[in-house]
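Undergrad: Dropping a structure here in structure tokens format, bear with me for questions.
The values are calculated or read from the model by the stated rules, or taken from the named source; none is laboratory data. Every value quoted in this text rests on a predicted model; they were computed, and no experiment measured them. Using ideal geometry, Cβ is built from the backbone for each residue, glycine included, and neighbour counts are taken over all protein chains shown.
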Amino acid sequence: MRITYYTHWPQQKGFSGRIEDLSLNGLRLVTAQGLTEGQCTKIVSDVVQAVAQVTNTLYERRGWSRRCVAGASFITLRFGQSVGAFVSDRV
């Protein structure tokens, strides 16, 4: 899933990234930009909006390009649709 994320506020244009894994607790984000442990990010997409704290990072090289694979834990989380295939709950 493609996302836009912000590393500071106000930030005119966000960085692009891709979510490889998503759960209720956090996500794994892949991006060309460097992230550091403890850094907070604002994540925006059609499916999810969140503020997350980076918990771990790994840098990988693929040919001439380098990418950052970061694990992040959610501080806040909001799904775009209240009912869907990811999580549904009724009381």
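Undergrad: Six or more apart or on different chains, Cβ under 7 Å: which pairs go from a residue in the stretch 58-79 that's under 15 Å from D21 (Cα atoms) to one that's of a type in the set (K, R)? Could you list them?
TA: V69/R28; G71/R28
Undergrad: Considering only residues that are part of a loop (DSSP other than H, G, I, E, B) and either β-branched (V, I, T) or without any contact (Cβ under 8 Å) to a residue 12 or more places away in the chain (or both), which ones fall in the stretch 41-57?
TA: Initially, the stretch 41-57 is screened for residues part of a loop (DSSP other than H, G, I, E, B), giving 45-47.
Of everything in the stretch 41-57, just one residue is part of a loop (DSSP other than H, G, I, E, B) and either β-branched (V, I, T) or without any contact (Cβ under 8 Å) to a residue 12 or more places away in the chain (or both), namely V47.
Undergrad: Any residue in the stretch 65-79 that is at pLDDT below 95 and assigned to a loop (DSSP other than H, G, I, E, B)?
TA: Within the stretch 65-79 (the criterion being at pLDDT below 95 and assigned to a loop (DSSP other than H, G, I, E, B)), the answer is no, since none of the residues qualifies.
Undergrad: I would also like to ask the following. Output the residues belonging to the stretch 12-22 that are surrounded by 12 or more Cβ atoms within 10 Å (Cβ to Cβ) and over 21 Å from Y59 (Cβ atoms).
TA: L22
Undergrad: If you don't mind, another one. Considering only residues that are of a type in the set (G, A, S) and surrounded by 13 or more Cβ atoms within 10 Å (Cβ to Cβ), look in the stretch 23-40 and name the one that is modelled with the lowest pLDDT. Give the steps one after another, and end with the answer.
TA: From the stretch 23-40, those of a type in the set (G, A, S) are 23, 26, 32, 34, 38; that's our starting set.
From the residues that got through so far, the ones that are surrounded by 13 or more Cβ atoms within 10 Å (Cβ to Cβ) too are 26, 34.
Numbers: G26: 93, G34: 90.
Selected residue: G34.
Undergrad: OK, next. Can you tell me which residues in the stretch 1-11 are surrounded by fewer than 17 Cβ atoms within 10 Å (Cβ to Cβ) and in contact (Cβ under 8 Å) with a residue 12 or more places away in the chain? Outline the logic, then answer.
TA: The initial filter retains those residues of the stretch 1-11 that are surrounded by fewer than 17 Cβ atoms within 10 Å (Cβ to Cβ), namely 1-2, 4, 7-11.
Passing the criteria: M1, R2, T4, T7, W9.
Undergrad: Answer yes if at least one residue in the stretch 41-59 is exposed (fewer than 11 other Cβ atoms within 10 Å of the Cβ), of a type in the set (S, T, N, Q) and over 9 Å from the mean Cα position of the chain (by Cα), and no otherwise.
TA: Checked the stretch 41-59: no residue is exposed (fewer than 11 other Cβ atoms within 10 Å of the Cβ), of a type in the set (S, T, N, Q) and over 9 Å from the mean Cα position of the chain (by Cα).
Undergrad: So which residues in the stretch 23-40 are part of a strand (DSSP E or B) and more than 9 Å from the chain's Cα centre (by Cα)?
TA: Keep residues of the stretch 23-40 that are part of a strand (DSSP E or B), which gives 26-31, 40.
T31, C40, listed by residue number.
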